[in-house]
Amino acid sequence: MSRYSEAIRAVFKGELLEQEPLSRRTSLKVGGPADIFAIPRDVDDIQRLLKVLDEQQIPLIVIGGGYNLLVRDGGFRGVAISLEKINHLAVLPGGKIRAEAGGRNMDLARLAETQGLSGLEFLVGIPGTVGGALRMNAGAHGGQIFDHLVSLDILGDNGLLTHDRKTLDYGYRSLQLDPNKIIIAANFQLAAGSREAISTAMDACLQKRRETQLVRLPTAGSFFKNPPGQAAWRLIDEAGLRGMTIGGAQVSEVHTNFLVNRGGAKAADFLHLAAIIKEKVFAASGIRLEEEVRITGED
């Protein structure tokens, strides 16, 4: 039992796993263990957990679907919180949808489709959860999730508060948020549209994904952000890095901004490969790539 698990168990009603390998919880299939992996039952459970973590100064990380995340081989010294049970999606009057953070992006897109509500079609092709998509302002095909966001319900030291989009610090593939605050839900305002047109747009998104991103190996998704006016995959390809391999990590042969786990990869392999990509791309183009994936944990 970890030095703080007893205090957590005294108040927490959900599931607790000690020394849980995060390789089981991330799409890249790499990463050492978290001291504790917590799966809260509900928001009250999260609040009780956060109180203990704050009192004992225990680090935390929130994990959604495990995409867009690279955990180092030493794992995470603290508590990893999964919001998989905080997943309710609700249609509200006036073209609004409230989506809890643990809901799947695909389910949110399909719910909007059934209601004839347009704006989130691109989410059908983005794996993972609503919370993860919000945390990085995910987007595709010219849209991003903050385009139709009204507000976020965020849990922090002062309880659960609603934050209007205008008060949030967000940008391309980023949302500035205190690490001890947790997105619980998002409130969207969508436009009425033709269900046929919405379905057609979603099919086009999925077809584009099948044609360009069907890598068939564990991946975190796009590893690097697109620099202004550039495509990261093209810069990597032009630097001659398609298929480059370090240990079990490889630049995908299908989409060069996807780094894939060919089997037995370590997080260190991906970090080494990413460093080489950044060096080679800069040498070839003078452009510095920036990681889109979130990197956490210790070596």
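The values are calculated or read from the model by the stated rules, or taken from the named source; none is laboratory data. In this text, all values refer to a predicted model and were calculated from it rather than measured experimentally. A quick note on method: Cβ atoms are made from the backbone with ideal geometry, for glycine too, and the neighbour counts reach across all protein chains shown. Accessible surface is based on the protein model in full, side chains and every heavy atom, while ligands, DNA and RNA are left aside. Shrake-Rupley method; radii C 1.70, N 1.55, O 1.52, S 1.80 Å.
Going residue by residue through region 4-20, is there one that turns out to be in contact with a strand residue (DSSP E or B) (Cβ under 7 Å, 6 or more places away or on another chain), surrounded by 22 or more Cβ atoms within 10 Å (Cβ to Cβ) and not in a strand (DSSP E or B)?
Within region 4-20, the first condition is being in contact with a strand residue (DSSP E or B) (Cβ under 7 Å, 6 or more places away or on another chain), and the residues that meet it are 5, 8-9, 12, 14-20.
So of that shortlist, the ones also surrounded by 22 or more Cβ atoms within 10 Å (Cβ to Cβ) come out as none.
Checked against the condition, which is being in contact with a strand residue (DSSP E or B) (Cβ under 7 Å, 6 or more places away or on another chain), surrounded by 22 or more Cβ atoms within 10 Å (Cβ to Cβ) and not in a strand (DSSP E or B), region 4-20 yields no hits at all.
Of all residue pairs spaced 6 or more apart or on separate chains, none has beta-carbon atoms under 8 Å together with a first member in region 279-294 that is farther than 29 Å from Gly128 by Cβ and surrounded by fewer than 18 Cβ atoms within 10 Å (Cβ to Cβ) and a second member that is basic (Lys, Arg) and modelled with pLDDT under 95. Residues that are over 30 Å from Val52 (Cβ atoms), at pLDDT below 95 and surrounded by 16 or more Cβ atoms within 10 Å (Cβ to Cβ) are absent from region 110-117 altogether. Looking across region 231-265, the residues that are open to solvent by 30 Å² or more (accessible area, probe 1.4 Å), in contact with a helix residue (DSSP H, G or I) (Cβ under 9 Å, 6 or more places away or on another chain), in a loop (DSSP other than H, G, I, E, B) and modelled with pLDDT of 95 or more come down to Gly240, Arg242, Met244, Gly247. Residue-level check: of (1) closer than 26 Å to Asp45 by Cα; (2) part of a strand (DSSP E or B); (3) in contact (Cβ under 8 Å) with a residue 40 or more places away in the chain; (4) not basic (Lys, Arg), Leu161 misses just (3).
Specify the residue that is nearest to Ala133 (Cα to Cα); the eligible residues are those in region 73-112 that are basic (Lys, Arg) and assigned to a strand (DSSP E or B). Quick ask: steps written out before the conclusion?
If we filter region 73-112 for residues that are basic (Lys, Arg), which is where we start, we get 77, 85, 96, 98, 104, 110.
Imposing the further condition that a residue be assigned to a strand (DSSP E or B) reduces the set to 77, 96, 98, 104.
On the way: Arg77: 25, Lys96: 18, Arg98: 14, Arg104: 10 Å.
Among those residues, the one meeting the criterion is Arg104.
Looking only at region 21-55, filter to residues that are without any contact (Cβ under 8 Å) to a residue 60 or more places away in the chain and open to solvent by 50 Å² or more (accessible area, probe 1.4 Å); which one of those is farthest from the chain's Cα centre (by Cα)? The selected residue is Glu55.
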